[in-house]
Amino acid sequence: MKKILLICNAGMSTSMLVKKMQESAQEQGLDLEVEAQSLTEAKKHLQDYQVILLGPQIRYELANVTAAANGLPVAAIDMRDYGMMNGPKVLAQALELLGD
């Protein structure tokens, strides 16, 4: 099972997006787990995931998270996709980073 981590300021604003991504994954028959965490909490567990996506509100942390992720794919979520809570599109971004 592949694990995707979404990081935001407090870990709460991303919960709705996580749900929409999980629904999309289920519709596609994909075996993966999506979680949201605050930046502070996520830094403790980066190596537990295969791909890391940052909410646009903390895009400025991209270089720091990338360095801490030790080679794991890290990217910022498009502001439009985040604002629209476009789970399928954000899931597609994560899968592309995974090479799936």
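The values are calculated or read from the model by the stated rules, or taken from the named source; none is laboratory data. Just so it is clear, the structure is predicted and the values come from calculations on it, not from any experiment. Note: ideal-geometry Cβ built from the backbone for every residue, glycine included; neighbour counts use all protein chains shown.
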message: With the structure loaded, tell me whether ALA10 is at pLDDT 95 or above and among the aliphatic types (A, V, I, L, M) or whether it fails that test.
response: no
- prompt: Given region 1-54, what strands (runs of 3 or more DSSP E) lie entirely inside it while holding 1 or more residues that are surrounded by fewer than 18 Cβ atoms within 10 Å (Cβ to Cβ) and either within 11 Å of the chain's Cα centre (by Cα) or touching a residue at least 12 places away in the same chain (Cβ under 8 Å) (or both)?
  reply: 2-8, 32-38
- request: Looking only at region 82-96, count how many residues are assigned to a helix (DSSP H, G or I), surrounded by 17 or more Cβ atoms within 10 Å (Cβ to Cβ) and not hydrophobic (A, V, I, L, M, F, W, C).
  value: 4
Total residues in region 69-81, condition surrounded by 16 or more Cβ atoms within 10 Å (Cβ to Cβ) and either in a helix (DSSP H, G or I) or touching a residue at least 40 places away in the same chain (Cβ under 8 Å) (or both): 2
